[in-house]
Structure formats: structure tokens, C-alpha cells
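Nothing in this text is a laboratory measurement; each read-out follows from the coordinates by a stated rule. These figures come from a predicted structure and were not determined experimentally. Here the Cβ positions follow ideal geometry from the backbone for every residue, glycine too, while neighbour counts run over all protein chains shown.
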């Protein structure tokens, strides 16, 4: 969700806008607010590139910004300046830099801004492969702004070099999971998904939705164990959707994965909705998307359809499920996780 209230990082940028005046500017990374629209008023041109579909949906409605959401950036013309909003995942920042630098002019200026607790102090390490010197330009609001000049050779970006694969087995079903940097379950089967798949309340059948799919572990497992089901997977992250597509392909499974901000791009109803939903956005604990998902799930489930969810056991999701469905069954609870079930 894009906010009209500026983040501390954007508040810091407000007093450093001179660096971007009359420039062909690429803004990339974890964009949470409307400040790029302000930069578009002073820059020669602004292009926005994010892996976050909510930014894509918002900035598609801003006429003077060229807006992109994918896992591989392609520029028509090289940019003079890049501004990177730091994400919480250092691996994702490294991936992003490798992704965009070949689309910058020689000697382009690369700025990086972020909150101090997001790892922005490591900017010199992120910039080392691309520039000789990293300078700290400003600091305020518990945030910092760094810059380097692109003066080192840049390798062509090859996405396959960044894919991590790992095997997983649950109840005798073997899968190869593919993940890109920044995707939940990167490199291993997470505990929540493992508990969920070992405790499915009902046999998934018909049209199945894995909402917030991450690397596609849950949806791909269902597609393999219950091949008669028709699996769809959605996520707000382009990196997650691409990872899920790779996981399906690696296991020669039928199914599809596509971008959606909760229900934004979903059509029709499902017989089975299953999820291990995230509750973090950037560095912040963020429940809004999952609460929207649960409150509206009833509208996207067919009669006698099912909702199955795993979540940290301290979260207050059972109350929301019960309000929407009239009941909520606790399937299993561990010290950290709980699996909940409801039917229509």
C-alpha cells in the first residue's frame, strides 16, 4: 500500500532534491510513498522500477512517471542517475543493483537511501563492485543517504545466476523449490509451511488458490499431491511470482502464478483457498493485507469451499475468520504456529 505520508527516508530526500533536478532519473527498490511523484516535478524524466505490485498499481495512475514491475529491468535509454530505496533484504539489494546498473550511463550517480535499521550503513559494501568511492551525503530521521559514481565495468545481468534451488519432502512428496533473492523461504522450507502441509484439514480439489505464494511451495505441493486440482498462486512480489513459476516448471507441474495485491487481479471463486500469509512489509509489522484477505475471503469461495491458513499463533486472525465465516476451527497449534480452517 502506497502512503501519502512520507517515510523517514523520503523526508531525508526532501532536503536533497537538487541532486535530481533536470536528470533522467531511475527510482528503484522498496517504494512505500508518493514522494517519487514530487521528484517527477523537478527531474527531466522519472522511471520507476519495483518488484512490489502495489507500487505498480499506484503509479500506473501517475501520468508523468514511466512505471515498471518485473524481475528484470529493461531500459529503452540509459539513465543519468539512479535512486535506490533500501529494502530489508540485503540479498535483494544486491540483486537490484546487478539488475539495473547495465542500464545506467557511464559515470552515472547512484544514490541509496534507507532507514538505519534497514542496513543502509552497509551502502559502501553494496556500492563497492560499481564505484571506487562511497560518500555519505546526509543523515536525519534515523535514515541516511549515500552516493557513488558508476566507474567500474558492469557485467550483463543474468537472472539464472541468482536462482537458488533446494529439495523438500513432505509426506513422501518431493519437490525442487526455486527462489530468487528477497523471497520468503529463500533457500529452505519454512516451519509454517511445513506444519501446514503436514496438517491439511481437507483434500484440496477443484480450483485452488495459494494466496501470498512466496516461492510456490504450498501451491506446487498441492499440484503434485493432488494433480486433479487446478492451482493458482498469487503474490504482491514479482520476485515471488517468478520464483513460483520457476518452481512449477522445475517440477513439470500444471498451474499458474500471477501478480495480485490481495484480490486486485483475481477473478471468479475458488473451492479451496490456502495461505501462509506474510505479516511484514519492509521492516514494519503489517497486518492490513492479511486482514483484508481474511475479511473478504468468503466472497471468493464457492459454496462448501474451504479456507486454510497457517500463521504465528499470537496473531488475532481467528477472530477475523470467525466474523467472516461464523466459525473458525483450530486444526493444530505448536509453540509458534497455528493452522486454522473454515468452510463456507
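In whole Å, what three semi-axes, largest first, describe the equivalent ellipsoid of region 8-159 built from its Cα gyration tensor (square root of 5 times each eigenvalue)?
Calculated on Cα positions only, the semi-axes equal 20, 18, 16 Å.
Which order do peptides 133-144, 206-217, 88-99, 153-164 fall in by mean Cβ count within 10 Å, highest first?
Put in order of decreasing packing, that is 206-217, 88-99, 133-144, 153-164.
Would you work out if region 218-320 is rounded, prolate or oblate? Take a ≥ b ≥ c from the square roots of the eigenvalues of the alpha-carbon gyration tensor; rounded if a/c is under 1.5, else prolate when a/b is larger than b/c, oblate otherwise.
Verdict is oblate for region 218-320.
No solvent, one uniform scatterer per C-alpha: report log10 I(q)/I(0) for region 163-227 via the Debye equation at q = 0.22 1/Å, two decimals.
Computed log10 I(q)/I(0) values: -0.94.
What number, rounded to the nearest 500 deg cm²/dmol, is the helix-based mean residue ellipticity at 222 nm of the chain, given -39500 (n - 2.57) per DSSP H run of at least four residues and division by all its residues?
After summing the helix terms and dividing by residue count, I get -6500 deg cm²/dmol.
If you look at just the Cα atoms of region 163-343, how large are its Rg and its Dmax in Å?
Using the Cα atoms of region 163-343, the pair Rg, Dmax is 14.8, 43 Å.
Can you tell me how region 79-164 classifies by the Cα gyration tensor, rounded, prolate or oblate, using a/c under 1.5 as the rounded cut?
oblate
Assuming a ≥ b ≥ c are the square roots of the Cα gyration tensor eigenvalues, decide whether the chain counts as rounded (a/c under 1.5), prolate (otherwise, with a/b larger than b/c) or oblate.
prolate
Provide the packing ranking of 22-32, 268-278, 240-250, i.e. peptides ordered by the mean count of other C-beta atoms within 10 Å per residue, highest first.
240-250, 22-32, 268-278
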